[in-house]
Amino acid sequence: METILSVRSLKKEYGSRGTRFAALHDVDLEVQKGEFLAVMGPSGSGKTTLLNLMSTIDQATAGEIYIDGRNLTRMKNGDLAKLRRNKIGFVFQDFNLLDNMTIMDNIALPLALNKANHKEILAAVEELAAFFGLTDQLHKYPYQLSGGQKQRAAVTRALITKPSVVFADEPTGALDTKASTELLDCLRGLKPKYGTTVIMVTHDAFCASFSDRVMFLKDGTLHARLDSSGSRKDFYQKILEMLAAMGGITNERL
Amino acid sequence: MNAFSLALKLFRSNVKTYTFYIAVMTVAVAVYYDFMALKHNPEVLQTREVLLYAKSAAQITSVVTLIVLVFFMWYSSSFFLKQRTKEIGIYALAGISNAKIGLVFAVESIFIGLTALAGGLLFGILFSKLFLMALAKCTLLDVTVPFTVPTSAVTEVMITFGIIFLAL
Ligand SMILES: Nc1ncnc2c1ncn2[C@@H]1O[C@H](COP(=O)(O)OP(=O)(O)OP(=O)(O)O)[C@@H](O)[C@H]1O
Ligand SMILES: [Mg+2]
């Protein structure tokens, strides 16, 4: 197995002098190529903070992050932009699609910079859109799509540059169970087809149970981990037990 | 796709958002042109009385128009920028460098500026005769106004707005 992302003694402090507090501390993490990792934890435990650091959106106070062997914490802005362009995809809770462009243009946007020609872009978009069941939606505008379709379009856009890692912060936060299931099944199907690593933040045990592994954050540090045995139902049960043991979280989809 | 074609694409998909903005600018350019046309109109210039007050009135009005316009453009540019932070964020996440994002937006506003300038000149020229006739009537001057397109007026409008667009 090949390590795609590793995090060493990561620390993030917020606030100015006097009122500093560590939103994240002593985090060590290794993620294998193609792994589907879920990050769980109570509200305010630092999930978004961790994801933002790993995905180059924010900068760590101390510690190191390596993506594909390259140290993020030592990179210049230009190199970070290049890394984002070639290695990283992003998905957010609120889709972040541009309202005045068709789904097709939205998805193709990240390719706008790569010198790929029009035909190649078209072919790439059509192939991925088919994988996410969006073929019939390509020429519509975001407001004409359901939440589930919009989120799948956002994931398609994140994948269009064939990134090594996709970061998703509560991607199912605005979706119902059915749309969530469709999306998560697609995310799970990425590994065999494209070898993409997915790191997803969620506070929902049902969503987390689709992953290969769950890391639990508590008070800004990693508290526990659980590995899937293959059966989603068993995994779901184990996650619920872990959450109960950690205390404070109840599942919304029981 | 390079920055230029991306900007062109954005401009096309954003035309609706900009319709109002472009319309106001077009009108402003047209009005400004008409005053310039008055200032540079050879017929009007020959009338001695006009020199006394109409010319200075035209000057004052054009300055006022210009000030209002600059304020409007400055205000709406920052308004659009706020509206488009989402867009900028998406580009940044797609790994487009800040310099390139800036370039895309700059090219896009040049498109907008050129559209407004061309439209404004067109309308200004179309209505200039009407405008001058109305003015002659109002000021009870007895001049027949021929339809002319003073190139000096066109040039002045282009230079003025060229500077404004570049500055914003
Ligand atoms: N920009 C910031 N400035 C100051 N404090 C922040 C900032 N962002 C987050 N925090 C704090 O850091 C802690 C961790 O926040 P974070 O957003 O990572 O939590 P989370 O696990 O994603 O929570 P949620 O489940 O509610 O999204 C919180 O106490 C939060 O108040
Ligand atoms: Mg969060």
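What follows draws every value from the coordinates through simple rules; no lab data is involved. Because the structure is a prediction, the values reported are computed rather than measured. Heads up, the Cβs are rebuilt from the backbone with ideal geometry, glycines too, and the neighbour counts pull from every protein chain shown.
For the range A:233-243, in order, what is each residue's ³J(HN,Hα) by Karplus, 6.51 cos²θ - 1.76 cosθ + 1.60 with θ = phi - 60°, in whole Hz (x at glycine and Pro)?
Going residue by residue, I get 5, 4, 4, 4, 4, 5, 5, 4, 4, 4, 4 Hz, with x marking Gly and Pro.
Using amide H atoms built in the peptide plane, which far-off residues or other-chain residues are under 5 Å from A:V166 H to H?
A:G89, A:T197, A:V198, A:I199
I'd like the Karplus ³J(HN,Hα) series for the range A:218-230: coefficients 6.51, -1.76, 1.60, θ = phi - 60°, whole numbers in Hz, and an x wherever there's a Gly or Pro.
Result, rounded to whole Hz: 8, 6, x, 9, 6, 9, 6, 9, 9, 10, 6, 8, x.
Taking the Cα centroid of the range A:222-246 and of the range A:60-107, what is the distance between the two, rounded to the nearest whole Å?
Taking the Cα centre of the range A:60-107 as reference, the centre of the range A:222-246 is 29 Å away.
Given Cα pairs under 8 Å that are at least 6 residues apart, what percent is the relative contact order of the range A:114-167? Working shown, then result.
On the way: 20 pairs, mean separation 19.2, N = 54.
Relative contact order for the range A:114-167 comes out at 36 percent.
Can you list residues whose amide H is under 5 Å from A:A60's amide H, if they're 5+ apart or on another chain and H is modeled 1.01 Å from N?
Residues meeting the criterion, in which the H sits 1.01 Å from N, do not exist here.
Just to check I understand the Karplus step: with θ = phi - 60° and J = 6.51 cos²θ - 1.76 cosθ + 1.60, what whole-Hz values come out for the range A:128-141, glycine and proline as x?
So the Karplus estimates, Gly and Pro as x, are 5, 4, 5, 4, 9, x, 10, 3, 7, 9, 4, 9, 8, 9 Hz.
Using 5 Å bins from zero, what percent of all Cα-Cα pairs in the range A:3-246 falls into each bin?
Taking all Cα pairs of the range A:3-246, the binned fractions are 1, 6, 14, 18, 19, 17, 12, 8, 4, 1, 0, 0 percent.
On a 29 Å Cα-Cα criterion, which of the cross-link pairs A:K33/A:K218; A:K140/A:K233; A:K33/A:K233 come out too long?
Details: A:K33/A:K218 25 Å; A:K140/A:K233 36 Å; A:K33/A:K233 24 Å.
Going by Cα-Cα distance, A:K140/A:K233 fall outside the 29 Å limit.
Could you pull out the GluC sites (Glu not before Pro) across the range A:156-254 that fall in loop regions by DSSP (anything but H, G, I, E, B) with no more than 12 other Cβ atoms inside 10 Å?
Values: sites: A:E182, A:E241, A:E252; in loops: A:E252.
Of the GluC sites (Glu not before Pro), the ones in loops of the range A:156-254 whose Cβ has at most 12 other Cβ atoms within 10 Å are A:E252.
5 Å is the cut-off here: which amide hydrogens, built 1.01 Å from N in the peptide plane, fall below it relative to A:I4, excluding neighbours closer than 5 in sequence?
Those qualifying (amide H under 5 Å, at least 5 residues apart or on another chain) are A:V31, A:Q32, A:K33.
Give the shape of the range A:102-254 as rounded, prolate or oblate, defined through the alpha-carbon gyration tensor: a ≥ b ≥ c are the square roots of its eigenvalues, a/c under 1.5 means rounded, and otherwise the shape is prolate if a/b is larger than b/c and oblate if not.
Numbers: a/c = 2.43, a/b = 1.99, b/c = 1.22.
Taking the square roots of the gyration eigenvalues as a ≥ b ≥ c, the range A:102-254 is prolate.
Normalised by the number of residues in the range A:3-246, what is the relative contact order in percent for Cα pairs under 8 Å and 6+ residues apart?
Details: 448 pairs, mean separation 65.8, N = 244.
Worked out over the range A:3-246, it gives 27 percent.
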